[in-house]
Structure formats: structure tokens, C-alpha cells
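Just below is one structure, and these are the notes that go with it.
Read the figures in this text as sums done on the coordinates, not as results from a lab. Because the structure is a prediction, the values reported are computed rather than measured. For neighbour counting, all protein chains shown are included, and Cβ atoms are generated from backbone atoms with ideal geometry for every residue, glycine included.
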Amino acid sequence: MPEQTPQALHLAIQEHAPRILPDFEAHWRRAIGDAFNPTPIPAFMRLWWTEYAIARDPGLSAHLHRLVARAAKSEDPEESAGLLSEYSRLRREAATVKPGR
């Protein structure tokens, strides 16, 4: 994982997960742009830090997609809740990955 700065994250996405780069850049322009108020930057970084941590691990990314697909198709509310709980747990775990890992 890169340093936790917008520039370092942008470069890491560009190099290791280019498929999510257009969404990252569009969100940056929409949410941050040339704003003089840096308030939204921490929330933006939390979201995209997690997205990058997932995108750089194709196995994890595929597993998360499968969990959501299975939850959407399940007719058992408890099963769906369990699958989405696992999805949420894995996303929270990805959000905690530190720079250099």
C-alpha cells in the first residue's frame, strides 16, 4: 500500500489497479476538484483507500463480488444477512491495511 496521501494513492491506482482509475478521478473532480475547503478529503481517502486495497487483490475483489451476488439471489433473509455481514467485515479489514503492506 502507498503512503496515505491523495497523490500517492492516485499513482498506486494508476500503476496497480488502472481499471478503477477513471472512477477515482471522476470522484475526485466531483467531490474535491479545486475546492479551497479540504474537509471532504479524509472521507474521500477512506473510501478510495479501501477500494484500492480490494482492487489490488483480484482474489478478494472476486470474492466480494460473489458474496454480493449470492446475497442478492438468496431467498433466505438470514443467509443474505450473513453474506452481507461477511462482505462488510472484509471491507472493514481492507480499510485497515497500512502503508507498505
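Structural remarks
- Note on Ser88, Ser61, Ser74: ascending count of other Cβ atoms within 10 Å places them as Ser88, Ser74, Ser61, the fewest first.
- Contact order relative to length of the chain, as percent, for alpha carbon pairs under 8 angstrom and 6 or more apart: 33 percent
- The charge dipole of segment 1-41, taken about its Cα centre with unit charges on the Cβ atoms of Lys, Arg (+1), Asp and Glu (-1) only, comes to about 120 debye.
- In terms of surrounding Cβ atoms within a 10 Å radius of their Cβ, Phe24, Phe44 rank from fewest to most as Phe44, Phe24.
- Solvent-free Debye calculation, one equal scatterer per alpha-carbon of the chain: log10 I(q)/I(0) at 0.11, 0.15 Å⁻¹ equals -0.39, -0.67.
- Proxy reagent accessibility, fewest Cβ within 10 Å first, across Met45, Met1: Met45, Met1
- Phi-based couplings in Hz for segment 33-43 (Karplus 6.51, -1.76, 1.60; Gly and Pro marked x): x, 9, 4, 8, 9, x, 3, x, 4, x, 5
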